[in-house]
Structure formats: structure tokens, C-alpha cells
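The values are calculated or read from the model by the stated rules, or taken from the named source; none is laboratory data. Computed from a predicted structure; not experimentally measured. Because the Cβ atoms are built from the backbone with ideal geometry, glycine has one as well, and the counts that use them run over all protein chains shown.
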């Protein structure tokens, strides 16, 4: 199996891309540490997988980071993210929303990277994969805080890749466009009609005519974390958007 003997830490694992990645890596022999603030969700997911430990807690909290990184980590996959509907353009974004988005999307990525890198440096190997977004490469209208947070994630990834390449460590970012569902915090605030309208809008905007599937993103994540096939790729923002950036 591709990841037999590897310990994979997935932050933001209870739903969406994080959960799809957990299932995919488990199917290839990885031992998993799954982190999410949704205690019931992450514990249920861990119980369905052969070798998985659930850590329930806020990804921005030092105690959560410490608990999740207590052992060696071979691969860090950071998928935690929020994008509240209340945060729009600069005048329309409260300081509370700004700080919350930056904390979850960017600061937590820094905290987990800071926790796992010393062990990777000692072993002279390791892979970090961050979830960026095409919004981090080209700002999305009325999502200023989210766009800034994802641009920060991409620059964090590039800095890590540059600083630690000679220590055998790789870092990349997966940058999706429209995926098959919105993030958990948005989904809870949207009606069924609004979610359906979003899917229709995606089909109209995306050159391939559909939303991306979490299973596709998880398969791409495995490729980027597999040294046998991507061992010469580092510092890259891999766009998976159905062609949206071409428009």
C-alpha cells in the first residue's frame, strides 16, 4: 500500500475534503490522526477507519495542536477552514469575522506546521499539504478575508518549501475551485434553495460544467503526498478548478 507505515495528520477532518482524504489515505494503509472541532463527527469517522485516532478540539488552540502532534508525523494535511456569509467586502467585514477567518484558515496552519516541522527536520523527511483555494490566487468578490487568508496559506507553504527543501521536506498547496458542497460553517447558514442555486451557478461558471468532487481532490492529495510520484514537486500551488482560472 502507498502509505503503509506513514502517520498522517489531517486537520479539519470530520467532513468535506478532510473526511474524503482520511478515507483515501486509510485505504492505502496510513495511520491517521484526525483533528476537528466537531467532536461527534470526527469520532464517528475515526471509528469507521482501521487505524485512526480522533482529536476533538479547536485547531487554533495550543492544547489541540499539542495533543495531535504528540507523536511523529510523516504527512500533515491542513484542510481546516471557515468562510462565514457575514464576511463580505472590507466595509462589510467585522473585525471579529476577520480575526476568526485568519485564525482558523491561516494561523492554525502555521501552528500545526510549527509543531510538526522540528520532527521532520530531525528525520530529514516529511510532507506538508495545505488547502489553498483559487481565491488565494485571484480574489473572489465579497470574500476579502477568505481570499486574504488563502493567499497567506499559499505564501506560508512557499516559505516552508524554500526554507526546508534541503532538509528533505516538501510543502505544496491544493487550490480547488467550486467543490460539491460549501464548507460546514456556510452550509449550516444556507437554505436548500441557496445550495441548489450555488450548484447551478457552478455549472454555468466552470468550463468543465460541474463542481469538483471531494474524491477527486482526495486522490490528488494522495498524489501530492506520495514521494514516489511527486517527490520532485515542492512549493507549488496545484489548481484543480475545472478551468475557472482560464476565464
Can you name the residue in the stretch 55-67 that is crowded, with 21+ Cβ neighbours inside 10 Å and over 16 Å from the mean Cα position of the chain (by Cα) and is also nearest to residue 7 (Cα to Cα) among such residues? 55
Of all residues in the stretch 221-236, count the ones that are within 15 Å of the chain's Cα centre (by Cα) and surrounded by 20 or more Cβ atoms within 10 Å (Cβ to Cβ). 4
Could you check the stretch 138-154 and list, in sequence order, the residues that are in contact with a helix residue (DSSP H, G or I) (Cβ under 6 Å, 6 or more places away or on another chain) and surrounded by fewer than 17 Cβ atoms within 10 Å (Cβ to Cβ)? 139, 140
Only one residue in 220, 224 is in contact with a strand residue (DSSP E or B) (Cβ under 9 Å, 6 or more places away or on another chain), assigned to a helix (DSSP H, G or I) and closer than 21 Å to residue 166 by Cβ. Which one? 224
From (1) in contact with a helix residue (DSSP H, G or I) (Cβ under 8 Å, 6 or more places away or on another chain); (2) over 25 Å from residue 23 (Cα atoms); (3) at pLDDT 95 or above, pick out the condition that doesn't hold for residue 205. (3)
Matching residues in the stretch 155-183 - criterion: being part of a helix (DSSP H, G or I) and surrounded by 19 or more Cβ atoms within 10 Å (Cβ to Cβ): 156, 157, 160, 161, 164
Of the criteria (1) assigned to a helix (DSSP H, G or I); (2) in contact with a strand residue (DSSP E or B) (Cβ under 8 Å, 6 or more places away or on another chain), which one residue 148 fails: (2)
Can you tell me which residues in the stretch 15-34 are in contact with a strand residue (DSSP E or B) (Cβ under 7 Å, 6 or more places away or on another chain) and touching a residue at least 60 places away in the same chain (Cβ under 8 Å)? 17, 18, 21, 25
Residues 121, 101: which one is closer than 18 Å to residue 153 by Cα and either surrounded by 14 or more Cβ atoms within 10 Å (Cβ to Cβ) or modelled with pLDDT under 95 (or both)? 101
Report, by residue number, each residue of the stretch 172-199 that is at pLDDT 70 or above and more than 29 Å from residue 75 (Cβ to Cβ). 191, 192, 193, 194, 195, 196, 197, 198, 199
